[in-house]
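Data first, discussion second: the structure below is written as C-alpha cells.
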Amino acid sequence: MNEGMLLILSAPSGCGKTTLLKRVMADLPGLVFSVSHTTRPPRPGEVNGRDYHFVERREFEAMRDRRPSGFLEWAEVHGNLYGTSREEVERLRAQGLDVVLDIDVQGAAQIRATWDPVTVFIAPPSLAELERRLRGRGTEAEETIALRLANGRREMETAGDYDYLVVNDVLDVAVDALRSIIVAERCRRRRMPSGEVVELEL
C-alpha cells in the first residue's frame, strides 16, 4: 500500500486552526489527526485521548528520553510540553492514511530536518484580529494573552519556511484553500483526491 503523507499545520494560538481543520477533515476521507501528548491541563470540553493525551511531566519526559525517542518531535510551548508519538504516526501512515500534525513552529522545524512533510502555516489576517480572538475565548489570564501574542508574532515570522500559507480570515475561503492543498498533494503522489492509490489500466 502507498504510504500516507505527513501533513504539518502550524499557526499562532487563537488563529482558528482547530475549527478549520475539523471542517476539512469532515470533507476528506483518509485524513487522520495525530493526537499529541501534552503536560498542560485540559480546557473545558477537551477529552483525554481525543484532543490530547494529557500526561504528567514525568511520564512525558520518560517517553522523550527513550532511545530512539518515543516522540517524532517535542517542544516546550507556553511553559507546557507537547510531543508527537513516533509509533502512532508510523502506524497510521503504514495504513495509507494521511496524518495531520497540529504542531508549533519548533516541532515543524525538527521534523523538516529529517522527514519530508507537507507544511502549511495558518495565519490570522492581522495581529489585532488575533488579539481579538484570544480575548473572545474568555479562558486565559491577561499575562497568558500577552505571552501568546508575543509568541504569535515570532511564529508568523517563520511562515516563509512552510510550503503553503493559508490566511484564516473568512473561514469558508480558508477551508477551500486547505482542502485544495491536500487534494493537490494527493494527486502529486499519484493518488485520487479521496486518497486511494491510482492504478492506471493500460
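Some observations on this one:
- The number of residues in the range 17-40 that are in contact with a Phe, Trp or Tyr (Cβ under 9 Å, 6 or more places away or on another chain) and among the hydrophobic types (A, V, I, L, M, F, W, C) comes to 3.
- Some residue of the range 159-175 being farther than 26 Å from Gly4 by Cβ, among the aliphatic types (A, V, I, L, M) and touching a strand residue (DSSP E or B) at 6+ places or on another chain (Cβ under 6 Å): yes
- Flag if Val198 is touching a Lys or Arg at 6+ places or on another chain (Cβ under 7 Å) and either of a type in the set (Ser, Thr, Tyr) or surrounded by fewer than 12 Cβ atoms within 10 Å (Cβ to Cβ) (or both): yes
- Residue within the range 112-124 that is touching a Phe, Trp or Tyr at 6+ places or on another chain (Cβ under 8 Å), under 22 Å from Glu56 (Cβ atoms) and either at pLDDT below 90 or crowded, with 21+ Cβ neighbours inside 10 Å (or both) present: no
- Any chance Glu155 is modelled with pLDDT of 90 or more and acidic (Asp, Glu): yes
- Being more than 24 Å from Pro124 (Cβ to Cβ) and β-branched (Val, Ile, Thr) is not true of Val24.
- Meeting the requirement of 2 or more residues that are within 17 Å of Val100 (Cα to Cα) and touching a residue at least 40 places away in the same chain (Cβ under 8 Å), the helices (runs of 4 or more DSSP H) wholly within the range 112-202 are 171-188.
- Which numbered condition Ile145 misses (of (1) within 17 Å of the chain's Cα centre (by Cα); (2) among the β-branched types (Val, Ile, Thr); (3) farther than 17 Å from Met5 by Cα): (1)
- Listed here are the strands (runs of 3 or more DSSP E) enclosed by the range 1-106 that have at least 3 residues being surrounded by fewer than 21 Cβ atoms within 10 Å (Cβ to Cβ): 71-77, 80-85.
The values are calculated or read from the model by the stated rules, or taken from the named source; none is laboratory data. Note that the structure is a prediction, hence the values are computed from the model and not measured. When we count neighbours, we look across all protein chains shown, and the Cβ atoms used for this are built from the backbone with ideal geometry, even at glycine.
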